[in-house]
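In what follows, a single structure is set out as structure tokens and then discussed.
FYI, it's all coordinate maths here, none of it is from the lab. These numbers were taken from a predicted model, which means no experiment stands behind them. Methodologically, a virtual Cβ is constructed for each residue, glycine included, from the backbone with ideal geometry; neighbour enumeration extends over all protein chains shown.
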Amino acid sequence: METTRRIIVSIEKMSLSDLKEAVPKKDVSSSSFNPKQRLEVNNEASAKLNDIAHYEKTPLGQSDKQDLRSETGWSKNIVDNMRWKEEASVYKDSNLVEKDVNGRPCFQRTDIDYNAKDDLGKTNKERMLDGKAPLADGKPVELHHIGQRQDSPLAELTFNEHKSNYSNLHEVPPQSSQIDRGEFRKEKAEYWRMRGEEL
């Protein structure tokens, strides 16, 4: 700490020309710096910002929510947690039905093969009874919080549905999460166990 302070004080007392002579010159001929590559990175960042602007979503107003409930038969609780029309389209386009698990409304998949086996030979039903997500397309089904709050209704989405619709289901750019991930891990295990017991 003291050595660092002395060096800083010494540098502050030097003139600019003295400082230039005191700093050793570095051979940059073998440097990997490439100004064009830096430009590409900046262009990539700019492209991401443009993508974010591209993901402006259409708010789901009260009359839209009423229409959605009439059209789909979904409950007020589920629909009131939806924020955008694009989000509602994701659920409408997926193989989901509204159910209740342990007093919590959720969208359950209708296309899970409960007899399909994982690499260890466990069926999807056995996985669920163990508190693990069933597999769809070889990947665990993901639970998504509709509305992104800890107590939100849940939707069972395939990995691809969740990933490819990220901007329609989440705030972009991301906001600080209202979901306690540690608590959610426990909730997921209990959710899948209860789902398995219902079969």
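Are there any pairs, at least 6 apart or on different chains, whose C-beta atoms fall under 7 Å, with the first in the stretch 158-183 and of a type outside the set (S, T, N, Q) and the second assigned to a helix (DSSP H, G or I) and exposed (fewer than 14 other Cβ atoms within 10 Å of the Cβ), and if so, which?
Every condition considered, the pairs that remain are Val172/Ile52; Pro173/Ile52.
Write out, first by first residue and then by second, each pair whose Cβ atoms fall under 6 Å of each other, whose residues are 6+ apart or on separate chains, and whose first residue, in the stretch 90-103, is closer than 17 Å to Glu142 by Cβ and in contact (Cβ under 8 Å) with a residue 60 or more places away in the chain while the second is polar (S, T, N, Q) and surrounded by 16 or more Cβ atoms within 10 Å (Cβ to Cβ).
Val90/Asn165; Val90/Asn168
For the stretch 165-199, give me each residue that is loosely packed, with under 12 Cβ neighbours inside 10 Å and polar (S, T, N, Q).
Result: Gln175, Ser176.
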